1. Considering Cα pairs under 8 angstrom that are at least six residues apart, work out the relative contact order of the chain and quote it in whole percent.
2. Among rounded, prolate and oblate, which fits region 63-204 when a ≥ b ≥ c are the square roots of the eigenvalues of its C-alpha gyration tensor, a/c under 1.5 means rounded, and a/b larger than b/c means prolate?
3. What percent of all Cα-Cα pairs in the chain falls in each 10 Å bin, counting up from 0?
4. How large a share of the accessible area of the chain, in percent, is made up of carbon and sulfur atoms when the probe is 1.4 Å and the other protein chains stay in place?
5. Please give the peptides 45-55, 323-333 ranked by average Cβ packing (other Cβ atoms within 10 Å per residue), highest first, as a rough proxy for protection.
6. Using a ≥ b ≥ c from the Cα gyration tensor of region 157-292 (square roots of the eigenvalues), is it rounded, prolate or oblate, where a/c under 1.5 gives rounded and otherwise the larger of a/b and b/c decides, a/b for prolate?
7. Once amide H atoms are placed 1.01 Å from N in the peptide plane, what residues at a sequence separation of 5 or more from VAL376, or on another chain, have their amide H within under 5 Å of its amide H?
8. Any idea how far apart LYS363 and MET165 come out in nm if each label point goes 7 Å out from Cα toward Cβ?
Amino acid sequence: MKILIVNAGSSSLKYQLIDMNNENTIAKGQAERIGIQGSRLVQKARGQVYEISQPMKDHVEACRLMIDALTDQEHGVVKSMDEIGAVGHRVLHGGMKFTKSVVIDQSVLDAIEENIPLGPLHNPANLMGIKACQEVMPKTPMVAVFDTAFHQTMPPKAYLYGVPMEYYERLKVRRYGFHGTSHRYVSARTAEFLGKKPEELRIITCHLGNGSSVCAVAYGKCVDTSMGITPLEGVIMGTRSGSMDPAVVQYICNNDHLTVDEMLTICNKKSGLVGISGVSSDMRDVMAAADDGNERAIIARDMLVYGVKKYIGSYAAAMGGVDAIVFTAGIGENNDVLRAMVMENMEFLGAKIDPEKNQINGKEIDISAADSKVRVLVIPTNEEIAIARDTLQLVSAL
Ligand code: ADP
C-alpha cells in the first residue's frame, strides 16, 4: 500500500508518499506561503525537482496542487490518487483524549478542535490540512498521529504543575510533551538496535533539533519529558527560551509595557539560541561563531549543552538508572561536538563515549566506549515512517 503523510502548518503543507512494501519514500514535497503572495509547491521525486508557482488561497488549493504534482504525467509518481491507500496526518496536540493514533472520524475532528486552546499555533492548521485532504480525497481513510500521545503514560507527579489543582481539573493545565512520535520511534529502534525488548530498558532520548526535547522512557513507557503544556518548556531551542521562572514574564511585561501574548511571542520566536547568541537560531551558525570566539555564541552553545546534561542527570535519577542515552534530530544526529560536550564527565553515571566513533554523524551508531556501562547511541529519527506504520496498521484493521 502507498501511504501519504501530511504535516500541515499555518501557511505550509509538507507531504511524503511512502511505499509500505519497502518503506521507501516515493516523493516528498512542500507547499509554501499558502494564502500569502508568492506561494509555490516544490516536489522531489526520482532525483528530480518539480516546482509549481501559482497562488494557493487556502489548504484545499494546496491539497489540489499536491494531487496535481503527485499525478502529473511527466513529474508525477502515481497514475491516480486511487493508488494511495490512506493518509496519515501529523497532529500537534491530542490533549488528554488521545493516547495513541486513531482513524479520523467526526468525533476525532471535534476533539482536535476542542484542543485548539492548548495548541493554538498548530491545531487549527492541522485541522485545515485534514479537512482539505478529506475534500479532495473523500474516499481515502485518514489517520491522526499525535505529537503528545506517547507522553500520556506519564504519572501525575511528572505531568502536574504546582499550581492549584483546580487549573488541571477546569482548564487541563498540565505537562503534555511533544515530539512523541520521534521519542517513540527512536526508543523502540534503540531496543531493536541493542537486541533487547523495550520492556527491558531505561532509555533517555534527546531529540535535539530546531525544537528540542528530552524524554525518559522506562521499560517501554514515557515517564517524563521536558516540553510542557506547549513546546516552550525544557532546554533552550533555536528560537524558544526553554524553562524559566514564570515571574520573568511578569517582570518584563510590567517593565516594558508588553502584554503576556507579546512576551510569549518573544519567548517562542526571539529567544533561545538566536536570542542569546544574537547570531542565528541554527546550531551550525552558533557553533561556527563560538569557534571564532564569539562570547555570546559560546554561552548559547553551553546553555544547550548544560540543559541537556541536567535533563539526562535528572531522568537517570527518576528512573533509578539508565541503560541507553540516545541522540536524534538535526543537532543530535549531526553535531558530534555537541554530543561530546553533553557526554563529558558522565563517567559517574557509567556513561562514556568513544571519541572516534562519535565523529561519525548522520547514521545509526553505538558511540559508547568499550568500558561504558550505559550505551550511548545516535539513532536518526523518522517520524514519517512511524506515522506511516501507524496509519497502515489502523487502516488494515478497518
Ligand atoms: P526541525 O526541528 O525543524 O525538524 P531539525 O531536526 O532539522 O529541525 O534540526 C535543525 C538543527 O539541526 C539546526 O540547528 C541545525 O544546525 C542542525 N543540523 C541539521 N543538519 C545538520 C548537519 N548536517 N550538520 C550539523 N547540524 C545540522
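1. That works out to 13 percent.
2. Note, shape of region 63-204 comes out oblate.
3. 5, 21, 30, 28, 14, 2, 0
4. 51 percent
5. For the peptides 45-55, 323-333, the packing ranking is 323-333, 45-55.
6. Oblate shape, in that a/c is at least 1.5 and b/c is the bigger or equal ratio.
7. Amide H neighbours of VAL376: ILE325, ILE367, SER368.
8. 5.4 nm
The values are calculated or read from the model by the stated rules, or taken from the named source; none is laboratory data. Keep in mind that what you see is a predicted model, and the values were worked out from it rather than measured. So basically every Cβ, Gly included, is an ideal-geometry build from the backbone, and we count neighbours across all protein chains shown. All accessible areas refer to the heavy atoms of the entire protein, side chains included, with ligands and DNA or RNA removed. Shrake-Rupley method; radii C 1.70, N 1.55, O 1.52, S 1.80 Å.
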